[in-house]
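Notes for the one structure printed next.
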Amino acid sequence: MLAAIFCGLLSFVLPKNNEKYLSEYFWSRKTLSKQKYNMIIMGDSRVYRGVSPQIMQKQLPQLKILNFGYSNGGLNPAMFEAAEQKLVANSSTKIIVLGITANSVSGYTEKNTQYLQELMRPREEVIERLYFSPVKYWFSPVSPQQLKLWLFEPPPVAYYKNEYHLNGYVRSEKFPADTMEAIPSYVKDFTNYKVDGSKLETLYKQVGEWNNNGITVVGFRPPVSFSMRMLEDTMGLYNEAEIEARMTKAGAHWLKLDHSQYKTYDGSHLDEYSAVQLSDTLAKFIKSIHW
Amino acid sequence: MLFNSLIFVLFASVFFAIAKLLGKRVNARLLWLTIASFFFYGWWDWRFLFLIVFSGLIDYFAALAMERFPSKRKFLLTLSVIANIGSLSVFKYSGFIAKNIDALLGLNGGFSLLANTPDFFLITPVGISFYTFQSMSYTFDVYRNKMKPTKGIIHFFAYLSMFPQLVAGPIVRAQTMLPQMLKVTQVSKDERWAGFQLVVRGYFKKMVIADNLAPLVVAAFSSPEPNSSSLFWWGTIIAFAFQIYCDFAGYSDIARGLARWMGYDFPDNFKHPYISTSMQEFWTRWHISLSTWFRDYLYIPLGGSKKGTFRTHVNLWITMVLSGLWHGAAWTYVAWGALHAFFSSFERITHWPKIVSKSHLGRFVAWLLVTMQVLVAWVFFRAESIEQAFAIIKTMFAFSGSINLGWGLNGSIFIGIMILRELSVALGLDRKFKIKNPVWEMVFYALIIAVIVFFRGEGSEFIYFQF
């Protein structure tokens, strides 16, 4: 009883880590929820930070949409199968949207690290994340270092905020923005991994199968900064014209985007405003081809 | 199921509530304990329950048969040992054995034994080493006439699968546990309070100390660019020494506390090992249930110290190296065991701790030397490979690089708490300043619970689960 009083009092005083528990809930739910959707959006962090199902639903109110993007999310058979299982089985409207980046069709993402990590998480951890996150949030732990900063240091000017939406979208905001920030890590990635032709072939084959099975497939290249696009094209060997042609041939609809119309906060991920813009453009495009 | 999860708190609440309803009905209580323990284990992977059942059935029937056919006792014991060590070898060591045969025969290019080992055998079932050794100790004790075999299969499985100690010990002996389990006792208020104290202390060690030190140790060992400072590595190994101690001793304390609530008494598994002034003393304070198991069922049957000096050292080395291998299927564990064997052998030959420890300063020097030996051995235990271990030890003894222990504020506070705690035990201050007023004692434990709730580290598995 005394312990409960102490804990109760301290829970009102000490700082809380809201983002941690929301993100834990978000990823477990995205991966393990049995809910079915009409539209699944697949890809990597550019997709889950860049496409908001909520914005898309303004154009497509009749559809249930899930953003099924993951960090380092690959476009490979394991993910295709997982995405297919999230589609409503007996609906006339089934759409898969593919955000194709250089990394998503290279060896870099073939292990589906984040997706598998969520899928294989011990059961008790999943239960805690799904059902006890408000309790864990209320009793957020603090480290002595955090406590020192909280008590004695002014709040930092720079920040990186993530807002987790249950439809799989993460609204991201970073200050100050630096459009060159992500370049060095991509240079490192592309030194070891480039767009893999066999992975693209697998993707085209899958698109063909989906097309034959009545699933509408839409492809696009998530917008990035000019430097990033150049880097992907030259070092990562991303050939957008060829991918567009092969995707279209396999039966997909390709949305060509003017990258100069979008802004990123690190060269790789869209800022909030551009994410809204992309989601709206994507929704209008799907509306035009489907209805 | 992890002790440090909310699911376990729910599980334990339901278990103790139903156990209370069963009152004095021994068989019903033990059946409930067995069912709950199987559920506890099966929560991780129900497929491996068959291994506990297999191991248990072999030993249960082998022990009964020993009583019925005394002339076949040796054969039955051999059968039990082969079956237990066999299942341990398949499920814990097959990957290690296959990998080493591949390397030895140069099979990596074409046919590979490792690649052809079924995946199922490459998963190490949680706690396999603990329950296998516990099951074997029962057959050994019946064979040596130290106890009568139990007729009740439920009694036996309740002893073998008891959830507080099933996956990470302490390894309890049937000759002490079974009589306790068959005796119906009402758990007194004092015992419940003692159990509560153990549980709280255990959670504090695990969730506050070990889990807060873990990120520091992980970062140091997994960094692609290893730190080149000697002091940094000494600091990291000290952090790991406290992490592994608090992780494992924390688990043991929680297990002992839960057992107290059931009315059982588990032996103490750790007695402040880092205040030891000789390696011999260290092994009477560290993982006592395992070291006594190896002493009673391996070292002494091999002849112990009764067959001359040379055989004593050979027996010591066999015991230590196998104890290293018991921890995991990797050469780093073998090296850890061998290093302890070397330090212990050297100590037996030179008797240096006795010679040195004749004054307070001498005792301090002995403590310092023993601690350094233990720390150096921990490098092998924690390292990802033998090469990494040697590289770290080389850096540690180069005495160069930046003057930074790498603890930061977090590490300094949690390591500081442990150093003060061990120091107070070594100097006898813990007894002198023990809280005697029950009200203050309650306030103290309530505060400790609040510290656990708000200063818990990133939850992670218990290190000893993998063994």
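In nanometres, what is the gap between the two model label sites at residue B:184 and residue B:424, each 7 Å from Cα along Cα-to-Cβ?
Inter-label distance under the simple model: 4.2 nm.
Find the relative contact order for region B:190-455 and round it to a whole percent, using C-alpha pairs within less than 8 Å whose residues are 6+ positions apart.
It rounds to 28 percent for region B:190-455.
Taking only DSSP H segments of four or more residues, each worth -39500 (n - 2.57), what value at 222 nm results for chain B once the sum is divided by all its residues, to the nearest 500 deg cm²/dmol?
For chain B, the value works out to -21500 deg cm²/dmol.
Select from A:190, A:137, A:175 the residue farthest towards the positive end of the dipole of region A:81-219; place +1 on Cβ of Lys and Arg, -1 on Cβ of Asp and Glu, and compute about the Cα centre.
Value computed over the given set: A:137.
Which of the lysines could a cross-linker span from residue B:271 if the Cα-Cα distance has to be under 22 Å and same-chain partners fewer than 8 positions apart are dropped?
Excluding near neighbours in sequence, the set is B:205, B:206, B:354, B:432, B:434, B:436.
Below 21 Å, Cα to Cα, which lysines can residue A:94 reach? Residues fewer than 8 away in the same chain don't count.
Hits, sequence-local ones excluded: A:30, A:34, A:36, A:58, A:64, A:86, A:205, A:249, A:284, A:287.
What are the radius of gyration and Dmax of the protein assembly as shown, computed over its Cα atoms and given in Å?
30.0, 93
Spin-label point model (7 Å from Cα, Cβ direction): what's the residue A:150 to residue B:35 distance in nm?
Here the answer is 4.4 nm between the modelled labels.
Taking other Cβ within 10 Å of each residue's Cβ, how do B:85, B:448, B:52 sort, fewest first?
Going from sparsest to densest Cβ surroundings: B:85, B:448, B:52.
Please give every one of the lysines within straight-line cross-link reach of residue B:72, meaning a C-alpha to C-alpha distance under 22 Å, and leave out same-chain neighbours fewer than 8 residues apart.
Correct list for residue B:72: B:146, B:148, B:151.
Which FRET efficiency value, to the nearest 0.05, is calculated for residue A:273 and residue A:9 with the Förster distance at 51 angstrom and r the Cβ-Cβ distance?
Step by step, r from the Cβ atoms, then E = 0.75.
Of A:34, A:188, B:205, how do they rank once you tally other Cβ atoms within 10 Å and put the fewest first?
With the sparsest Cβ surroundings first, the list reads A:34, A:188, B:205.
Can you find, among A:9, A:106, A:211, the residue sitting farthest towards the positive end of the charge dipole of the protein assembly as shown, where Lys and Arg contribute +1 and Asp and Glu -1 at Cβ?
A:9
What percent do you get for the relative contact order of region B:6-184 when only Cα pairs under 8 Å and 6+ apart count?
Reported relative contact order: 32 percent.
Taking neighbour Cβ counts within 10 Å as the exposure measure, how do B:228, B:94 sort from fewest upward?
Exposure proxy ranking, most exposed first: B:228, B:94.
Of the options B:276, B:86, B:152, report the single residue whose Cα projects farthest towards the positive end of the charge dipole of the protein assembly as shown (beta-carbon charges: Lys, Arg +1; Asp, Glu -1).
In the protein assembly as shown, that residue is B:152.
Roughly how crowded by other chains is peptide A:145-153, in terms of the mean Cβ count from those chains within 10 Å of each of its Cβ atoms?
2
Assign unit charges at the C-beta atoms only (+1 for Lys and Arg, -1 for Asp and Glu), then state the dipole size of region B:190-455 relative to its Cα centre in Debye, rounded to the nearest 20.
The dipole magnitude comes to about 840 debye.
How far apart, in nm, are two points set 7 Å out from the Cα along the Cα-to-Cβ line at residue A:191 and at residue B:115?
3.0
Starting from the alpha-carbon convex hull of region A:16-290, give the projected area averaged over all orientations, in nm².
15.3
Taking the Cα centre of chain A as the origin, how large is its charge dipole in debye, to the nearest 20, when only Lys and Arg (+1) and Asp and Glu (-1) carry charge on their Cβ atoms?
Using only the charged Cβ atoms, the result is roughly 740 debye.
Could you give the distance between the Cα centres of region B:112-129 and region B:333-376, to the whole Å?
That distance is 37 Å.
Treating the beta-carbon of each Lys and Arg as +1 and of each Asp and Glu as -1, no other charges, what is the dipole magnitude of the protein assembly as shown about its Cα centre, to the nearest 20 debye?
3000
Throughout, read-outs are computed from the coordinates displayed, never taken from laboratory work. Given the structure is predicted, the values throughout are model-derived calculations rather than measurements. Backbone-built Cβ (ideal geometry, glycine too); neighbour counts: all protein chains shown.
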